[in-house]
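The next block holds one structure in the form of structure tokens; read it before the comments.
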Amino acid sequence: MQRSHARSRLKNKSDMDPPLHVHHTQPGRQRSSLAKSKCKPTKKSIILVIIGSLAIALALFFVCYTFFLRNRKVSLRYSVVIDGGSSGTRAHVFGYRIESGNPVFDFRGDESYASMKLSPGLSSYADNPEGASVSVKELVEFAKGRVPEGKLKESDIRLMATAGMRLLELSVQERILEVARRVLRSSGFKFQDESASVISGSDEGIYAWVVANHALGSLGGDPLQTTGIVELGGASTQVTFVSSEHVPSEFSRTITYGNVSYRIYSHSFLNLGQDAAHEKLWESLNNLAANSTEKGIVTDPCTPKGYILDKNSTGEGIVLPGESKFTDSLQAAGNFSKCRSAAFTILQEGKEKCPYKHCSIGSTFTPNLRGSFLATENFFHTSKFFGLREKDWLSEMIIAGESFCGDDWSRLKVKHPTFKDESLLRYCFSSAYIVSMLHDSLGVALDDQRVEFASEAGEKGIPLDWALGAFILNTATATSDSSDPHEKHICGQIHKKHSSVDQMVNQSANRCLQINNLDVLL
């Protein structure tokens, strides 16, 4: 009976197992369902997660970008070039990087390039050299504001004066330069006395050629595929290009970029810049007026009629002699054709003394222009003033010049109310001078598409300023110097074997530009 009851209890327990199994599993299913119900994401929670994720991502990006910019700025090196031009002094501040031992230039953005110009030029302080310190100090302060304080001592600064200073006597040049050196020594930048100098005109042309071909991507390529430069400055004009003709040694410069050597014709026509040539015309007309009879009238074909000539000034700020008869015998009578003839006379002065087979301007050898050219500075400014198109701009210059020169001064003032008299006045002469120089003297056809006016070049729009070319050459050479003492020795030489004009007006070429068939090692 007991066994029977035991089996009965066991059976009953067995019979009870399934309900117990169900009883244990059912609550588990209920808890799972409840958890799922509680954890199901809502639309609001999804939006909050997305916003939070974006905020974190933006914060990380900002931190990384700030770190990148900070490191980029720290990695930048700096260099300052002060261009002592005839009409003003401009400070150029450059930032650059070194990658794989080579300098990388980028002339876009405040970090990489900034400039500031002050007027008048250094040459205007000929009678008061100490006065030059004011503008140099202001330009130094501008440069210091663009260079991190911790970088000043390792950033070089140099002053390179051009044609305006070349026109002064050497002793006057030196007095002005010494004032500038005094300022630069105490500037906090890395500076050596020889870094403030008057550069030769041919070197100025080379620097302009370098920046143009750097911008166009042709520097380092086929010499015959490079682009030439014609600069019309205030005191001088530079012509620089690779010629296929034999060039006398006094006009030849050789530079090497990479593995390519370039034999370049480069010459600066001192006193034949736009302002200097205009002043020469004024002086010539004044001398004629001063020596004319009481009833004799001398006309100025390059000044629009109706302009009242100041007896004490040329209109360019130059006091002329013979003032008592000036206004009585010299009258404005704008005429483009006659102005063009007067300009041609200035450009051809001394041609009878040409000792070479071919002289295009005066007694100076000029090979036939070949290849493409960029006409810069006043070529560009005058073309833009007249609103000329890049195509056939030289022939259009004649039409524009004829209209401007032949107009009445009072109407011109109404048409151009924002221009000062001395600025507006020069465009009659400028238009005639440009045509006379490029077409009548250098032989450029009026419809020649190879010559374009420009102020910048290349896809990046790099400014065509010779100071940028000087920076490129000096920086590339300095980078090479740091790894090769022999190259540093070559770069450090100062050559004085310039043409006869350069010998008289400049006693030191830029120390990092090798001339007279010596290479610049980049």
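Size descriptor for segment 126-237, Kirkwood hydrodynamic radius: 16.1 Å (Cα pairs only, one decimal).
Given R0 = 51 Å, the distance between the Cβ atoms of GLU130 and LEU60 translates into a calculated FRET efficiency of 0.35. Highest average first, the peptides 418-431, 243-256 ordered by how many other beta carbon atoms sit within 10 Å of their residues are 418-431, 243-256. Taking amide H as placed 1.01 Å from N in the peptide plane, SER292 has no amide H partner under 5 Å among residues 5 or more places away or on another chain. In this label model, THR345 and LEU118 are separated by 4.1 nm, measuring between points 7 Å along each Cα→Cβ vector. For segment 347-486, what class follows from the C-alpha gyration tensor (a ≥ b ≥ c being the square roots of its eigenvalues): rounded when a/c is under 1.5, otherwise prolate if a/b is larger than b/c, else oblate? Oblate. Suppose R0 equals 30 Å. What FRET efficiency, 1/(1 + (r/R0)^6) with r the Cβ-Cβ distance, do ASN259 and ASP110 give to the nearest 0.05? Plugging the Cβ-Cβ distance into 1/(1 + (r/R0)^6) gives 0.30. Length gained on full extension, SER363 to ASN291, computed as 0.36 nm times the residue gap minus the Cα-Cα distance: 23.1 nm.
The protection proxy used here, the mean number of other Cβ atoms lying within 10 Å of each residue, ranks peptides 268-274, 348-354 as follows, highest first: 268-274, 348-354. Per residue, the accessible area of segment 321-476 comes to 44 Å², computed with a 1.4 Å probe over protein heavy atoms only. Using the Cβ-Cβ distance between LYS413 and LYS338 with R0 set to 30 Å, the FRET efficiency works out to roughly 0.85.
Peptides 377-387, 432-442 ordered by packing proxy, namely the average of other Cβ atoms within 10 Å per residue, highest first: 432-442, 377-387. Here the 3J(HN,Hα) profile of segment 451-458, calculated from phi with Karplus coefficients 6.51, -1.76 and 1.60 at θ = phi - 60°, is 10, 10, 7, 7, 10, 8, 8, x Hz, Gly and Pro shown as x. Accessible surface computed residue by residue for segment 83-150, with neighbouring protein chains in place and a 1.4 Å probe, gives 47 Å² per residue.
The values are calculated or read from the model by the stated rules, or taken from the named source; none is laboratory data. The structure presented is a predicted model; accordingly, all values stated were derived computationally and were not measured. Positions of Cβ are generated from backbone atoms using ideal geometry, with glycine treated the same way; all protein chains shown enter the neighbour counts. Note: areas computed on protein heavy atoms with side chains; ligands, DNA, RNA excluded. Shrake-Rupley method; radii C 1.70, N 1.55, O 1.52, S 1.80 Å.
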